[in-house]
Amino acid sequence: MSQVRVRFAPSPTGFFHIGSARTALFNWLYARHTGGKFILRIEDTDKERNSPEFLKVILDSMRWLGMDWDEGPEVGGNFGPYFQSERTELYQKKLKELADKGKAYEKDGAWWLRLEGARSMVFDDHLKKEIEKVDAAPMVLNDLVRGRVERAEDRDFVIFRSNGEPVFHFVNVVDDIEMQITHVIRGEDHLSNTSKHLELFKAFGVKPPEYAHIPLILKTDGPGKMSKRDRGALIEEYQQRHYLPSAVRNYLCLLGWTPTDGREVLPIEDIIQQFELSAVHQSNARFDERKMSHVNAQTLRTLPAAEFAAIARPILIQHKVIDEKVSPERLAEVLAIIQEKVISVEHLPEFMGFFFTESFKKDENAFANLTKKGGDPAARLRELLPHIEACEWTDAGIEAAFNAAAAAHQRKATDFFAPARFATSGQGGGPHLLGILRVLGRDTTLGRIKAFVN
Ligand code: GLU
């Protein structure tokens, strides 16, 4: 089989939302899976609605998600230009080709594609006038995702408007031909366009590519399609919230496809290896913010420590949690116990501020919970103090001190946990308590516990 050539063909008329990102991703995955080429083509023929700002967002977001393109803007290629706005001459030439073959004709200033089939005049209720219908043979599509789809166009359609601008269907097909696209992977909302596209391929006498129409993404609740206005819809939002790009990409893979090895959080190399168009779901996918966040948290855990530190450090500096003077070694110690518990980089400043300042925030709810069941946290900490003053400052040593305090006062070791956690971190939850105390160090721990007791 010849080399796979797929394309992502966005129109830069709005921000980059997860539906577009997922379409780009499935194309990219298929190219990487098959060793083919991934082409980025900008469908910017609608001059009124296109903007350079939107184009920049698309390119930036694709780069952020790690979807590199083999041909397209900024990288070039043998089939350019890759902006439709720069291909006008080609479209004129291709229109002439159809006109010369008698497949296109002019009427009322516009150019129409002539369908083959018996013609008759019928009254159209909707348009409230007589129109010419064509009894064209149905176009049969064997979609790689949807299976067999049959649909007949029943009237000629415009391919060049009277203002001289080519119509989407025409440029889309011309470019798929000229760029030698082998597989068109796009959203199911385009399925209804495909019969027109197949008619155009027929008119040009070119074998159409394979098609794979991928399922829609529905909003979290309700039957509707996810729209740009829905929370979580824009890729930029995840960028701003410091989501890991690899996690966002991993989650997008799950919108309409399931990894074959049963894992949901997995390295991109494994996804590339497993990805098949035939395994893409027919049923609609549903956006689930909680799952996205879960995938992000799981991905965070698997990051090498140095990579995690490289992401965390500038954010912590920016939020004034640490300054440049904090050594990489000290930060690494803290991050080592944070990494398995924090669910998003976005939460890091709040989650670990207490390691670096004595004026850390105290969670009122956590404090209320301490005394709720009639406990006396100060009394517990007074009982604990002599034991942790004397112990060896390791996880095991500190744990032994809690056990010794429990034995001395006929309590459970856990009775001391929440008070110790609150006194040293101001929180009701967070990283493992023994880790917190060990990393805070004996002096800071004792200082904070004494401050709380007094
Ligand atoms: N420009 C079209 C869109 O953004 C591309 C359709 C296609 O992939 O064929 O929806």
Exercise for review: May I ask you to verify whether A407 is open to solvent by 50 Å² or more (accessible area, probe 1.4 Å), within 24 Å of R442 (Cβ to Cβ) and modelled with pLDDT of 95 or more?
Suggested key: yes
Point to revise | Subset of region 155-175 that is without any contact (Cβ under 8 Å) to a residue 60 or more places away in the chain and among the β-branched types (V, I, T) - its residue that is least open to solvent (accessible area, probe 1.4 Å) | key: V173
**Study point:** Top-ranked residue of region 1-48 - restricted to ones that are of a type in the set (D, E) and open to solvent by 40 Å² or more (accessible area, probe 1.4 Å), ranked as nearest to the ligand (Cβ to nearest atom)
**Key:** D46
Review point. So Q180 fits all but one of (1) open to solvent by 30 Å² or more (accessible area, probe 1.4 Å); (2) within 13 Å of the ligand (Cβ to nearest atom); (3) farther than 22 Å from A110 by Cα; (4) modelled with pLDDT of 95 or more; what number is the exception?
Key: (2)
Check your understanding: Which pairs have Cβ atoms under 7 Å, sit 6 or more apart or on different chains, and link a residue in region 317-340 that is part of a loop (DSSP other than H, G, I, E, B) to one that is surrounded by fewer than 16 Cβ atoms within 10 Å (Cβ to Cβ)?
Key -> D323/I317; E324/I317; Q339/R301; E340/R301
Exercise for review: Go through (1) surrounded by fewer than 17 Cβ atoms within 10 Å (Cβ to Cβ); (2) under 30 Å from P245 (Cα atoms); (3) of a type in the set (G, A, S) and name the single condition G72 misses.
Suggested key: (1)
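Each row is one residue, and each column tells you yes or no for (1) of a type outside the set (V, I, T); (2) part of a helix (DSSP H, G or I); (3) surrounded by 16 or more Cβ atoms within 10 Å (Cβ to Cβ).
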{"site": "L252", "(1), (2), (3)": "yes, yes, yes"}
{"site": "D261", "(1), (2), (3)": "yes, no, no"}
{"site": "V265", "(1), (2), (3)": "no, no, yes"}
{"site": "S293", "(1), (2), (3)": "yes, yes, yes"}
{"site": "Q298", "(1), (2), (3)": "yes, yes, yes"}
{"site": "E307", "(1), (2), (3)": "yes, yes, no"}
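For R22, state whether it is free of Cβ contacts under 8 Å to residues at least 12 places away in the same chain and charged (D, E, K, R).
No.
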Review point. Just one of the numbered conditions (1) touching a strand residue (DSSP E or B) at 6+ places or on another chain (Cβ under 8 Å); (2) within 14 Å of the ligand (Cβ to nearest atom) is not true of N172; which one?
Key: (1)
Practice item. Enumerate the pairs (first residue in region 80-98 and farther than 24 Å from D156 by Cα; second residue anywhere and exposed (fewer than 14 other Cβ atoms within 10 Å of the Cβ) and at pLDDT below 95) with beta-carbon separation below 8 Å, excluding pairs fewer than 6 apart on the same chain, so at least 6 apart or on different chains. Key: S85/K47
Point to revise | Failed criterion for G72 (all others in (1) on the phi < 0 side of the Ramachandran plot; (2) within 16 Å of the ligand (Cβ to nearest atom) hold) | key: (1)
Practice item. Scan region 183-226 for residues that are of a type in the set (G, A, S) and either within 14 Å of the ligand (Cβ to nearest atom) or surrounded by fewer than 18 Cβ atoms within 10 Å (Cβ to Cβ) (or both) and jot them down. Key: G187, S192, S195, G205, A212, G222, G224
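The values are calculated or read from the model by the stated rules, or taken from the named source; none is laboratory data. Treat the numbers as computed from the prediction; the structure is a model and nothing was measured. Cβ: placed from backbone, ideal geometry, glycine included. Neighbour counts: every protein chain shown. Areas reflect the complete protein model, heavy atoms only, side chains present, ligands, DNA and RNA absent. Shrake-Rupley method; radii C 1.70, N 1.55, O 1.52, S 1.80 Å.
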